[in-house]
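The values are calculated or read from the model by the stated rules, or taken from the named source; none is laboratory data. Predicted model only: the values in this text are computed from it and were never measured. Glycine gets a Cβ as well: all are built from the backbone with ideal geometry, and neighbour counts include every protein chain shown.
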Amino acid sequence: MSRERKLANAFCGVVMVGALLSLTVRAGVAGPQTLAATPPMGWNSWNHFAGKIDDATVRAQADAMVSSGMRDAGYIYVNIDDTWEGQRDASGSIVANAKFPDMKALGDYVHGKGLKLGIYSSPGPLTCAKYEGSYGHEDQDAQTYAKWGVDYLKYDLCGLRKMMVEAGSPEAAHKVMFDAYVKMRDALARTGRPIVYSLCQYGEDAVWRWGASVGGNLWRTTGDITDSYARMAAIGFSQAGLAKYAGPGHWNDPDMLEVGNGGMKENEYRTHMSLWAILAAPLLAGNDLTKMTPETIALLTNREVIAIDQDAAGKQGDRVRAEGPMEIWSRPLADGSQAVGLFNTSNAPIEISVKFSELGFGGAVKVRDVWAAKNVDNPMTEFSARVAGHGVVLLRARPA
């Protein structure tokens, strides 16, 4: 591993915070109003549009979020990712580029749809795409975001890496990182506006261990997702063991959804949604909402799956058992039931069984097949199903 990479990996964090009007829940401290009390749901521009994003496209996505029923299903954030940034004016204030002629008007439009606006920046001088970052202008940028009506900030580490390496030691790199992110944390708080602070940190430096202690609302636990089953499954199943670090106000984030982008089959997207729901992961769609098929809409808006993801207890699920290509995961829910996922990571169908005693049930349980939207007739102590290749059977089980 190169010296540069070692230094960059040593301390590459981002701090996230709720604003003055809300308190993050962590380690027994609860405020009267928790920002991101359940995992954020919405849409982000990067997975599908990348740099080809502009005002008209964002408005069209907001419109489609409403007309498709996604807003009513719980998706509320419309998040603009990288490449919106222009240069700074004479006073140092950030100005959007020509693709976004009036950010305040765009914010008003999104809010008028009953939605919330999200934006992107970096704690470094430049963003990943080499646009203007927030380094040295944290207060100005935070005040500008508040003026525009921003409700969500994705703060991406990559623009700070060069400065961390140049610091010369892991300790000095840590100080560069820490000082930069605390500045934005405090700057957001000084706006007085509740702004979800999303830490795009790629899981380096075991961020799940310290993210909540610095006020994090959500933090990326992995590198970037792509629209392939292999990458999605590698990310999703790598989340085993992280459940204890998540809860209301602070969530592990295995990256955005690829549902509807066309690189996976329908049953693979069903696996994607099921696993993210069990993981209490943020549900941020990354497709073109204006061109969704009925099948994509049905996947993204399935109320029973969303109810698992948004469960009020805020307890992330975890792996129960893995055997070859068979993965069994469960998540405890607020009503005493459990969400149970039987996943088949192989290409061919396979029979998967689970004894409910493995999940802590003391007797027979009643079972509902979530994607089939039907109850299994008789109480049982064990469940078996033939699961399609790359597929899932998602259950909701409760004591009989």
Criterion: surrounded by fewer than 19 Cβ atoms within 10 Å (Cβ to Cβ) and either under 16 Å from the mean Cα position of the chain (by Cα) or under 27 Å from D139 (Cβ atoms) (or both) - qualifying residue of E258, E266, E171: E171
Some residue of the range 53-70 being in a loop (DSSP other than H, G, I, E, B), buried (at least 24 other Cβ atoms within 10 Å of the Cβ) and at pLDDT 95 or above: no
G249 at positive phi, surrounded by 24 or more Cβ atoms within 10 Å (Cβ to Cβ), under 15 Å from the mean Cα position of the chain (by Cα) and touching a residue at least 60 places away in the same chain (Cβ under 8 Å): yes
Some residue of the range 381-388 being free of Cβ contacts under 8 Å to residues at least 40 places away in the same chain, within 21 Å of Q239 (Cα to Cα) and either of a type outside the set (F, W, Y) or in contact with a Pro (Cβ under 6 Å, 6 or more places away or on another chain) (or both): no
Identity of the residue in the range 213-233, modelled with pLDDT under 95 and of a type in the set (G, A, S), that ends up nearest to N287 (Cα to Cα): G216
Any hit, the range 349-360, residues being at pLDDT 95 or above, outside the structural domain of R231 (by TED's automatic domain parsing) and in contact with a helix residue (DSSP H, G or I) (Cβ under 6 Å, 6 or more places away or on another chain): no
Any pair with Cβ under 9 angstrom, 6 or more apart, that starts in the range 258-271 at a residue that is under 16 Å from L342 (Cα atoms) and among the polar types (S, T, N, Q) and ends at one that is in a loop (DSSP other than H, G, I, E, B) and at pLDDT 95 or above: N267/A388; N267/G389; N267/H390; N267/G391; T271/M264; T271/T345; T271/H390; T271/G391
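Taking the residues in the range 118-144 that are more than 27 Å from Y75 (Cβ to Cβ) and in contact with a Leu (Cβ under 9 Å, 6 or more places away or on another chain) as candidates, determine which candidate is surrounded by the fewest Cβ atoms within 10 Å (Cβ to Cβ).
Checked the range 118-144; the qualifying residue surrounded by the fewest Cβ atoms within 10 Å (Cβ to Cβ) is P125.
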Qualifying residue in the range 102-115 (condition: within 15 Å of A285 (Cα to Cα), of a type outside the set (S, T, Y) and either modelled with pLDDT under 95 or surrounded by 14 or more Cβ atoms within 10 Å (Cβ to Cβ) (or both)): yes
Which numbered condition A230 fails, given (1) farther than 22 Å from M65 by Cβ; (2) small (G, A, S); (3) surrounded by fewer than 24 Cβ atoms within 10 Å (Cβ to Cβ); (4) in contact (Cβ under 8 Å) with a residue 60 or more places away in the chain: (4)
Checking A240 against (1) in a loop (DSSP other than H, G, I, E, B); (2) under 24 Å from L153 (Cα atoms), the condition it does not meet: (2)
Test result for M184, of a type outside the set (K, R), within 25 Å of Q87 (Cβ to Cβ) and surrounded by 19 or more Cβ atoms within 10 Å (Cβ to Cβ): yes
L279 closer than 17 Å to W43 by Cα and assigned by TED's automatic domain parsing to the domain that holds R185: no
Failed condition for T222, given (1) part of a loop (DSSP other than H, G, I, E, B); (2) buried (at least 21 other Cβ atoms within 10 Å of the Cβ); (3) touching a helix residue (DSSP H, G or I) at 6+ places or on another chain (Cβ under 6 Å): (2)
Some residue of the range 126-141 being free of Cβ contacts under 8 Å to residues at least 24 places away in the same chain and of a type in the set (G, A, S): yes
Flag for A96 being touching a Gly at 6+ places or on another chain (Cβ under 6 Å) and over 22 Å from G249 (Cα atoms): yes
Lone qualifier among A400, A388, A372, A334 - being surrounded by fewer than 22 Cβ atoms within 10 Å (Cβ to Cβ) and at pLDDT below 95: A400
Condition broken by P194, with the remaining ones in (1) assigned to a helix (DSSP H, G or I); (2) touching an Asp or Glu at 6+ places or on another chain (Cβ under 8 Å) satisfied: (1)
